[in-house]
Amino acid sequence: MKIKYIFTCLFALSLTVSLSAQDNRTVETKIADLLAQLPARSNEQVASLINQYSSLGEDGIARIAALIVPSSDGSDLQARYAISSLARYAGAPGNGDFRAPVESALLAALAKASNAEVKDYFIRELAFCGGDATVTALGAYLNGATSDAALSTLTTIGTDAAARQILAATTDQPDFIKALGELKYKPAEEKLLSLQPSKQTLSALASIGSAKSLKYFQGAVKAAGYRPDANNAVLSYLQYATELSRNGNQKLGDKIAKEALKNCTSSDVLHYRSEALELLGQTQGFKLTPTLLKEIKSDDKAYRQSVLNIAKEYAPSTIGKWSSLFGKSTPELQTELLSTFGSTSGAGVLQYMIAPSLTSGDASVRQAAITALSAYDKNNEITIPYLSNLLINKQDLLVDSDYKAIEQVLLNKVTDKTLLEVAPEPLELNNDGRAMLLRLAAARATPALFKFAQSSISSQNADVKAAAFAALAKTARADNTAALITALEKASKPEEISSLQNTLINLYTAADNVPASSLVLDKIDAKGLTAKLVPLLPYLKSGDAQAKIASILQKGTNEEKDAAAKALVNWQNPSVLSLLYNQYRSGSSSAEASLGAYLRLLGSQSLTSDTKLIQLEQIMSAAKTTADKSKILQAAAQVKSLSGLLFVSKFLDDSDLSTPAAFSAMKIALPTPGESDGLKGDEVKSILTTVKEKISGEDSQYYKIDIQQYIDKVGSDAGTATLSKAEAADGFELLFNGKDLDNWVGNKVTYTVEDGVIVVAPKKNDSGYGNLMTAKEYANFVFRFEFQLTPAANNGIGIRAPLNGDAAYSAMEIQILDCEHPVYKDIKPYQHHGSIYGIVPAKHGAMKPVGEWNSEEIRAEGTRIKVTLNGKVIVDADLKEATKNGTADHNNHPGLFNPSGHIGFLGHGSNLKFRNIRIKELK
Amino acid sequence: MTERHNRRDFLKKSLAVTAGISIVPRFVLGRGYMAPSDQLTKAIIGVGGMGQGHIGYEGTRLVAICDADKKHLENVLNRVGSGVQGYADFRELLLRTDVDIVHIATPPHWHGIMSVMAAQAGKDVWCEKPMTRTIGEGKRVMEVISATGRMFRLNTWFRFKDNFYGLGTTVKPLKKVIESGVLGWPLKVTISGVTGFDWKFYWVGKTGLKPQPVPPELDYEMWLGPAPKKPYNVHRTHGTFRGYWDYDGGGLGDMGQHYIDPVQYFLGKDNTSPVKVEIDAPQQHYDAIGTWRKITYTYDDGCQIVLDGANADKDAAYIEGPKGKIYKGFRSTIPNLQQFIDSLPDPAPQITLFSESVKTRQKFALNEVNGFRSATIVNMGVVALRLGRNLEFDPEKLEFVNDEEANKLINQPMRGEWKI
């Protein structure tokens, strides 16, 4: 709101009067400054830039639009961001006053444009903010290369006037005809009816939906024989009927739908019948039921289902009729009726369809009923009683597939408690039922069924037995531990032994209510139980467990040692790392698994990064095979430190191991969201460069992009905050410590420190125009620094400057500018980068491409100023000499001969970076 | 009425008799019942990239493929052997009488049109994500699928199978936890690198593309289809098309439905949409898609889905509710979570094999209705990014509130004769 008012005021002013003395920049500079901030960093910034756009007025916007060149040139990128920004902003709700001037400027630019792509661009952008003026103008563009864009924008604007323009230009162009249909432009009907029927005319007339078109359609569908044809005549006819109904002419719409039903009879046009039925359903509602009851007799399953999908909408009031049909239907139709009406409500469905079908003689019908029961019973009130009845009283009827269906339904319906209602006396179930109940007991982890599971493990029936063992695992609780150990003692089959072991392990690894370790430790020495209980040792909380396994490893029988070696591999605590190390080196059958366990335990939170690295180095030295070394390298990815990186990078040149080494290096060095911000420094950058070459495999192209982006962002940006030996010896000192701006005063909002670099980034709550100055003052000095520009960036170094005022005049400004940018093509020589602004022009050609770091030196000794850029001297002047006939810019520079003052960065609203800032004072 | 015919006999007859367009749904055989041993057939449109993965889907028999790039077509034809015919124009492929399912693996700007045309030709549809490039196309797909009684599925699956990225488990236990109410309500879901999801910001477009000669094997006109005609540059096609608004939605468009559809499922929001979308992003280019920092969707009841592209919230839980949180890897603030989950009933059953949907004519787990809703979440974000402002949405009317320009991006004009 506020912005809108500001805009209209400023806009009015800017047409004639220049603004306050505080902003005496020329229009060119304002435009350049504005464009330099694009693309905007955020939508808030876009909104705040609107002030700047408004102060340019329509003329300024026109100048920006004039910067647009064919998109392949690329130099008008920021101007395009500006135009797009304006077009979208102008179209936003509440910005009505903004719209007309922007539209006007864009239309003017369109009129001036000669290149096809540029015209296309303006026409499409006008879709966002165009109104009547655009509609009028675009009439002339509805032909040739601009036709598509003009048609597209007119369609988007979509007013009657726009449609009128399109109609005026329409002879028989298919895309114009299409547009008229999409706009539902009734006045186009006459024209369309005068054209030969085609896919496009029929489709457009269908959208328009006027009764006058009826004969036209009838001719076309008759010619098509009510069958699919190249004109899609029948499809359009049905669309036409839909549109007629929507427009209030239900009578005619229905007539057409009925006609379609009469004529579209062959098996390959059944989907037309579906559509016709759907149409009739929309107007007739449940009155369509008799028709549907006839249509359901079709041989085609897909068609029948579409009939039922319509019928479903009118249940439950129509359920009586469908129920009568139900009793007389084939089994297949019964299953379809059940699955359709099962999810509706009303007692009829249950009484006449579901309940009787649960005991049907046909298995597929029974199963459909079971599933339908589940859908019907939304509050879980009747499913269990009905299914319980089947399971207990109708066992003779049920087959395998019934039990499968029942089990699936119960999984979706029962909790651990309500499961008990299914068969309060489990022994009343037959074997199939018992096995199912046990599987459900496992799924729902129902402790009350532990006893039943326990007694069932001795069943003669294989399914029941298997389900019982599985159920034990999930139904057992801590107080069942002793009983389980007893069962384990008795068990002889390997799968039963391991099932019981797993059950016990689950108990010992539960979150709470864990059985006492003594229950195991007291029994483990008993003959016949040692090997069976050893697998539990890794999961006991007691410290005695480790002593026990160590002792068995040394003194046990071969069978016991073997079990112990296998168990060690499952240990949960890194305290056994040395035991695992020994086991790995022993080369026994557990060696490989020991390596896996060793590496797994290194992931433990209790170990420090340094410890992990030591352990990795240790096992790496013992590793024999490439596969093992590769595993170790993969595990090393968790050591997110420089030493971890150095460890893995040792293997980058090993042809067998370079891939895992590279992946781990990448994982270590790059940021891990939520865990680490990534490593920094030149060494890291150098390693990552090698890593980038070595990364291979699927998706490697994307990893390479990620790595390079990281290198660019951090690797080279980490400014050193130390002086070189030579400079230190020469008397230089750091002005910027790499960490903070403590030695600086001024604008610390635009100027901040990130990763050892001073970042200049205008923010939404500053104007971007304040300076950052040294706290101290300097007279004669050598000032060295590095800078990195963004396109069109504009800044400056003020020297011998006061803390306030415009340093270009109250002192001296050594210009910083991306002067290669086209937006600066008309600047004066003394505005060029490195110039003493307004006084002495700098030489060109020493700047590196935008985005790269440049190094510069400013030497101020008395009235002699020398500027060196990337090793090349670009200014070497004496101020007295240079101004003996007045200043180059003919302006007053009162501070030019200040003997001393602060050094500072002069903000001009651009994004750029500085680093490595140091100074040597001269006596 | 219809005699029992052997499928091959029937086809021979119909091919001899008909000269024009004849579309024969395969359920015409026998007494309208397909024997379980009958193998379903499929065709794939778009075999340059993702489409190749579709070749092996569900054991259905491949009979035809189509691509606008002759080299892609030849490549795959060589791989799949005889019995598969290649097409350059999908409209011819749709005339075939022996295709049960059409797989659409083209760039997204084609998804809507092809889904509709395939359904109108009597085929069932298996479509790549995102379901459609615009909200309007999605509405139309729903309309036509319903009217023609076809089956539709999207090619994402995490709501019903596979470990779900950062969660480390399938979505099922999460759905049970949420349905139980133990986390409270409303819930906030954060999708970011911190919670285990990668937004693939490398899918950005390039500006200042220089026009290049169209390679002889590519029918660029057909490749573009409904998209505006812009000079050919290889970066606009083949994989990197994901970086241009004309064809897709960048990383958001590419991964959005994979990441967001399961969230919509476990929040129980398959029949509604967020009412607000807020964006934090740099200004977007009008043609090339850029990156974004954060997109926040808010539902009427306060539930939120936060796409944190900048990983700004380093401690983010994956799901946060007033009474509990779930973190990446299914770590939780709730004690004894696994036992609690076990005790609960499983979520409502879904059909998870498309061939079953095709045979029983019951909707697939991820169909045109719930798929439209999760695609709409993605597309709301795309519209907000392109316009550069926050938006409000009406989940019943399926339009933006008080923003005419945003509504103009719901149904975007198509080039030439193409319409949906």
How do B:His72, A:His271 stack up against each other in accessible area, from largest to smallest, with a 1.4 angstrom probe?
-> B:His72, A:His271
Of A:Thr672, A:Ser724, A:Leu741, whose Cα points farthest to the positive end of the dipole of region A:642-773 (charges on the beta-carbon: +1 Lys, Arg; -1 Asp, Glu; origin at the Cα centre)?
-> A:Leu741
Heavy-atom accessible area per residue of the protein assembly as shown, all protein chains kept, 1.4 Å probe, expressed in Å², is 41 Å²
Accessible area drop of at least 40 Å² (1.4 Å probe, protein heavy atoms): which residues of region B:108-122 qualify, relative to the chain alone?
-> B:Gln120
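Which FRET efficiency value, to the nearest 0.05, do you get for A:Asp654 and A:Asp712 by plugging their Cβ-Cβ distance into 1/(1 + (r/R0)^6) with R0 = 30 Å?
0.60
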Taking amide hydrogens as modeled 1.01 Å from N in the peptide plane, which residues meet the under 5 Å criterion relative to A:Asp876, leaving out close sequence neighbours?
-> A:Val867
How far is helix B:250-266 tilted, in degrees, relative to the longest principal axis of the Cα atoms in chain B, given as a value from 0 to 90 rounded to the nearest 10?
-> 70 degrees
Under a point spin-label approximation (7 Å from Cα along Cα-to-Cβ), what is the A:Asn502-A:Leu723 distance to one decimal in nm?
-> 7.1 nm
Using unit Cβ charges (K, R positive; D, E negative) and no other charged atoms, how large, in debye to the nearest 20, is the dipole of region A:676-822 about its Cα centre?
-> 180 debye
What percentage of all Cα-Cα pairs in region A:481-715 are separated by more than 29 Å?
-> 42 percent
In region A:38-52, which residues give up 20 Å² or more of accessible area once the other protein chains are added, compared with their chain alone (1.4 Å probe)?
-> A:Ala40, A:Arg41, A:Ser42, A:Asn43
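Shape of the protein assembly as shown from its Cα gyration tensor (a ≥ b ≥ c, root eigenvalues): rounded if a/c is under 1.5, otherwise prolate when a/b > b/c, or oblate?
Verdict is oblate for the protein assembly as shown.
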Solvent-accessible area lost in complex, 10 Å² minimum, residues of region A:294-313 relative to chain alone, 1.4 Å | A:Asp299, A:Asp300, A:Lys301, A:Ala302, A:Gln305, A:Ser306
When all protein chains stay in place, what accessible area (Å², nearest 10, 1.4 Å probe) is found for B:Lys210?
-> 120 Å²
If you take the alpha carbon radius of gyration of region A:725-921 and divide it by 2.2 N^0.38 Å, what ratio comes out, to two decimals?
-> 0.95
If ligands, DNA and RNA are left out, what is the accessible area of B:Met151 with a 1.4 Å probe, given in Å² to the nearest 10?
-> 20 Å²
With all protein chains present, how much of the accessible area of region A:172-226 (probe radius 1.4 Å) comes from carbon and sulfur, to the nearest whole percent?
-> 53 percent
With every protein chain kept in place and a 1.4 Å probe, the residues B:Leu366, B:Leu353 fall, from largest accessible area down, as B:Leu353, B:Leu366
Magnitude of the Cβ-charge dipole of region A:207-297, K/R +1 and D/E -1, about the Cα centre, nearest 20 debye?
-> 340 debye
In Å³ and rounded to a whole number, note down the convex hull volume per residue for the Cα atoms of region A:140-188.
-> 65 Å³
Scalar couplings 3J(HN,Hα) for region A:572-584 by Karplus 6.51 cos²θ - 1.76 cosθ + 1.60 (θ = phi - 60°), nearest whole Hz, x for Gly and Pro, are 9, 10, x, 5, 9, 4, 5, 5, 5, 4, 4, 5, 5
With only Lys, Arg, Asp and Glu charged, each at its Cβ (+1 for the first two, -1 for the last two), find how big the charge dipole of the protein assembly as shown is about the Cα centre; round to the nearest 20 debye.
-> 1760 debye
List, in order, the whole-Hz ³J(HN,Hα) value for each residue of region B:138-144 obtained from phi through the Karplus relation with A = 6.51, B = -1.76, C = 1.60 and θ = phi - 60°; use x for Gly and Pro.
-> x, 4, 5, 4, 4, 4, 6
Can you tell which of A:Ala363, A:Val691, A:Ala109 lies farthest toward the positive end of the dipole of the protein assembly as shown, using +1 and -1 charges on the Cβ of basic and acidic side chains (Lys, Arg; Asp, Glu)?
-> A:Ala363
Hey, with R₀ at 60 Å, roughly what FRET efficiency would A:Thr359 and A:Ala547 work out to, going by the Cβ-Cβ distance, to 0.05?
-> 0.40
Whole-Hz ³J(HN,Hα) from phi, Karplus 6.51 cos²θ - 1.76 cosθ + 1.60, for region A:630-637, glycine and proline x = 4, 4, 5, 5, 4, 5, 5, 4
Which of the pairs A:Lys848/B:Lys206; B:Lys200/B:Lys269; B:Lys176/B:Lys269 have their Cα atoms more than 19 Å apart in this structure?
-> A:Lys848/B:Lys206; B:Lys200/B:Lys269
For n ≥ 4 DSSP H runs only, could you compute -39500 (n - 2.57) per run for chain A, divide by its residues and tell me the 222 nm figure to the nearest 500?
-> -15000 deg cm²/dmol
Percent of accessible area on region A:424-475 owned by carbon and sulfur, 1.4 Å probe?
-> 52 percent
B:His109 accessible area, assembled protein chains, probe 1.4 Å, Å² | 10 Å²
Within the accessible area of region A:481-715 (1.4 Å probe), percent carbon and sulfur | 49 percent
How far apart, in nm, are the 7 Å Cα→Cβ label points at B:Asp219 and A:Ala211?
-> 4.4 nm
Gyration tensor (alpha-carbon) shape descriptor, region A:468-509, a/c threshold 1.5 | prolate
Given labels modelled 7 Å from the Cα in the Cβ direction, how far is it in nm from A:Ala168 to B:Gln39?
-> 6.2 nm
The FRET efficiency for A:Lys566 and B:Asp313, from their Cβ-Cβ distance with R0 = 56 Å and rounded to 0.05, is 0.80
Rg ratio (alpha-carbon, reference 2.2 N^0.38 Å) - region A:294-450 | 1.10
For B:Lys276, which sequence-distant residues (separation of 5 or more, or a different chain) have an amide H within less than 5 Å of its own amide H, given hydrogens modelled in the peptide plane?
-> B:Thr298, B:Phe393
Pairs A:Lys297/B:Lys359; A:Lys680/A:Lys872; B:Lys161/B:Lys397: which exceed 20 Å Cα-Cα?
-> A:Lys680/A:Lys872; B:Lys161/B:Lys397
Interface B-A: total buried accessible area (1.4 Å probe, Å², nearest 100) of 6100 Å²
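The values are calculated or read from the model by the stated rules, or taken from the named source; none is laboratory data. Fair warning: this is a prediction, and the values are worked out from it, not measured in the lab. All Cβ positions, glycine included, derive from the backbone under ideal geometry; neighbour counts span all protein chains shown. Side chains are part of the model used for accessible areas, which takes the heavy atoms of the whole protein and leaves out ligands, DNA and RNA. Shrake-Rupley method; radii C 1.70, N 1.55, O 1.52, S 1.80 Å.
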